[in-house]
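Have a look at the structure below, then the notes.
The values are calculated or read from the model by the stated rules, or taken from the named source; none is laboratory data. This is a predicted model, so every value here is computed, not measured. Cβ coordinates were reconstructed from backbone atoms using ideal geometry, including for glycine residues, and neighbour counts include every protein chain displayed. To get the accessible areas, we keep the full protein, side chains included, count just its heavy atoms, and leave off ligands, DNA and RNA. Shrake-Rupley method; radii C 1.70, N 1.55, O 1.52, S 1.80 Å.
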Amino acid sequence: MSSAAAKKVRPKYLNLRALLFEIRQSVPAWVSILHRISGALLVFPFAAWLLYMLDHSLGSEQAFQEVADYLRLPLVKLGMLLFIWAFSHHLCAGIRFLVLDLNRGIELAPARRSAVAVLVASLALTAFF
């Protein structure tokens with residue numbers, strides 16, 4: 001191997017801007033990425049937040065009313081909407097991945113259709129709830 005070939009600098013796409021805007025990801029890739037993000041959101045911030053609100057609301061009738069008033073704030077409603085989306089997307093994508101593990105729909109066209117179906121179903125479930 002020549003030294004010129006060994007010193008060839010390859011581009012590295014390690015920054016967020018390149019991952020989001022320069023590298024074109026396929027729909028199944030976005031579903032997989034969003035599945036991981038939604039799972040992480042469900043575990044840490046949302047589980048702790050919901051358990052805290054449940055614990056506080058079960059303390060007394062006044063505490064329940066405080067939580068009910070808290071849930072009426074616009075930013076909290078947005079957070080709950082994000083929680084509902086994370087749950088519905090994680091559920092739909094998880095079912096898709098279980099079906100893929102059974103070697104169903106692993107060809108390119110059915111995989112893309114199922115990925116689009118996951119995105120549509122998760123947004124529809126979010127709008128429904």
Practice prompt. Return a yes/no flag: does the range 106-117 have any residue that is of a type in the set (Lys, Arg), part of a helix (DSSP H, G or I) and at negative phi.
Written response: yes
Worksheet entry | Only listed residue being modelled with pLDDT of 95 or more, open to solvent by 40 Å² or more (accessible area, probe 1.4 Å), among the small types (Gly, Ala, Ser) and under 22 Å from the mean Cα position of the chain (by Cα), chosen from ALA115, ALA127 | ALA127
Worksheet item: Across the range 83-94, what is the number of residues that are open to solvent by less than 60 Å² (accessible area, probe 1.4 Å), under 10 Å from the mean Cα position of the chain (by Cα) and hydrophobic (A, V, I, L, M, F, W, C)?
Response: 4
Response to the item:
Out of (1) of a type outside the set (Lys, Arg); (2) in contact with a helix residue (DSSP H, G or I) (Cβ under 8 Å, 6 or more places away or on another chain); (3) under 24 Å from PHE44 (Cα atoms), the one LEU100 does not meet is (3)
Practice prompt. Find all pairs meeting these conditions: Cβ atoms under 6 angstrom apart; at least six residues apart or on different chains; first residue within the range 47-74 and of a type outside the set (Asp, Glu); second residue open to solvent by 80 Å² or more (accessible area, probe 1.4 Å).
Written response: SER57/PHE64
Worksheet item: Can we say MET80 is over 30 Å from SER26 (Cα atoms) and surrounded by 14 or more Cβ atoms within 10 Å (Cβ to Cβ)?
Response: no
Item to complete: Sort out for me the helices (runs of 4 or more DSSP H) sitting completely within the range 1-75 that have 2 or more residues that are more than 28 Å from ILE106 (Cα to Cα), modelled with pLDDT of 90 or more and open to solvent by 60 Å² or more (accessible area, probe 1.4 Å).
Response: 47-57, 61-70
